[in-house]
Amino acid sequence: MLATSGDAVLDAALEPLAVLFRKRDLVEISVNRPGEVGLEIAGKGYVFERAPAMSLKFWEDICHALANKAGHAFDPEAQPRVSTRLPGGHRFEAMMGKSVLSGLTVSIRVKRKVQASLRDFGVGGAVLTELEAAIGRGANVVISGGTSSGKTTLANLLLPIIPADRRLLTIEDTPELDAPQHNQVNHLVSRNEANPRVGYAEVFDHAMRSRPDQILLGELSIPNAFPALLLLNSGHRGFLCTMHADSAALALEEGFYQRVALSGRAEIDPDYLARYLRRTIDLVIQVAKAGRDRRRITELWWPGQGEPRRLLESAPQIP
């Protein structure tokens, strides 16, 4: 369901979306062009429906209302992107203007109450014990995989394993980590501004003076990849982030460097960076789709202990 925000202007703008959120087993809402919506239903894939009322102006009004609520700037030409959350925690990503041929693209990831467990990712026995022990003792962990492969779901399943007496700091651009520990502080960095007044470097610097036991990054992105390297050598154990990568090895050997280079730090030696990550990252967990509604851990890699270990004999087959 789409919750109310308490902001009359925003709630009025979002009202037509509330009808879509009543769809059973809704996973994602995708908009590729004005006047049409795509609804991904668990187990059934996408169904596209005409939506004449959801015009370019309709989505522009929503983007303005969401940006204003979050304290961000939005302009279809000068600042055409909005990355935020809808009331109820649903992730909202939109871009308008000349960079999209149809003038519009919107993706809304529905926050569902799914009763998932680590065993739903295809692990048990010794492997499950291995993961629980790693998180419990504060291993530095990267969870890698493709889009909708279950990275954030897995991260949230691992967070309750962290001892309750630890002080956690989360740093994200869109809040998705849901740690149960009471002693935590959640920081947000704007993804909508090219040069935010308080960016990742400032938040990281503040975080390390806030007596954290563990710092959880959320998704590794181009803006935060270079500052994240500092967290890995800050004296705090229990770093955790998610990132897009095709394999556990590529996550460290290519994925990190690609983001660092795109952030304007291409002068960094990729071989040096790979060696640094092998020394500071304890565990890489690769996840993948194993069917329309199934997710699996396919690789575990302890960089200091040899090559990645596959947990499936072959790559998952996607229908």
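The values are calculated or read from the model by the stated rules, or taken from the named source; none is laboratory data. Only a predicted model underlies this, so the values are computations on that prediction, with no experimental measurement involved. All Cβ positions, even for glycine, are placed from backbone atoms using ideal geometry, and neighbour counts span all protein chains on display.
Give the residue, chosen from 155, 201, that is among the aliphatic types (A, V, I, L, M) and closer than 29 Å to residue 302 by Cβ.
155
So that you can scan it fast, the table gives a plain yes or no per residue for (1) more than 18 Å from the chain's Cα centre (by Cα); (2) in the same structural domain as residue 134 (by TED's automatic domain parsing); (3) in a helix (DSSP H, G or I); (4) in contact (Cβ under 8 Å) with a residue 12 or more places away in the chain:
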{"site": "257", "(1), (2), (3), (4)": "yes, yes, yes, yes"}
{"site": "263", "(1), (2), (3), (4)": "yes, yes, yes, yes"}
{"site": "267", "(1), (2), (3), (4)": "yes, yes, no, no"}
{"site": "271", "(1), (2), (3), (4)": "yes, yes, yes, no"}
{"site": "277", "(1), (2), (3), (4)": "yes, yes, yes, yes"}
{"site": "287", "(1), (2), (3), (4)": "no, yes, no, yes"}
{"site": "296", "(1), (2), (3), (4)": "no, yes, no, yes"}
{"site": "299", "(1), (2), (3), (4)": "yes, yes, no, yes"}
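Of all the residues in the range 26-47, those that are under 15 Å from residue 96 (Cβ atoms), outside any strand (DSSP E or B) and in contact (Cβ under 8 Å) with a residue 60 or more places away in the chain number 3. The condition of being touching a helix residue (DSSP H, G or I) at 6+ places or on another chain (Cβ under 6 Å), outside the structural domain of residue 76 (by TED's automatic domain parsing), farther than 24 Å from residue 303 by Cα and of a type in the set (A, V, I, L, M) holds for residue 171. Of all residues in the range 152-168, none are under 12 Å from the mean Cα position of the chain (by Cα), more than 26 Å from residue 304 (Cβ to Cβ) and at pLDDT below 90. Every test in (1) touching a Leu at 6+ places or on another chain (Cβ under 7 Å); (2) at pLDDT 90 or above; (3) surrounded by fewer than 17 Cβ atoms within 10 Å (Cβ to Cβ) is passed by residue 281 save one, and that test is (3).
Here residue 143 fulfils each of the conditions (1) at pLDDT 95 or above; (2) assigned to a loop (DSSP other than H, G, I, E, B) apart from (2).
Filter the range 196-224 for residues that are part of a helix (DSSP H, G or I), in contact (Cβ under 8 Å) with a residue 24 or more places away in the chain and surrounded by fewer than 16 Cβ atoms within 10 Å (Cβ to Cβ) and give the result.
Taking the range 196-224 first, the residues part of a helix (DSSP H, G or I) are 200-207, 222-224.
Subsequent filtering for residues that are in contact (Cβ under 8 Å) with a residue 24 or more places away in the chain retains 200-201, 203-204, 207, 222-224.
The answer is 201, 222.
Filter the range 81-117 for residues that are in contact with a Gly (Cβ under 8 Å, 6 or more places away or on another chain) and in contact (Cβ under 8 Å) with a residue 40 or more places away in the chain and give the result. Selection gives 96, 103. Here residue 250 clears all of (1) assigned to a helix (DSSP H, G or I); (2) at pLDDT below 90 except the condition numbered (2).
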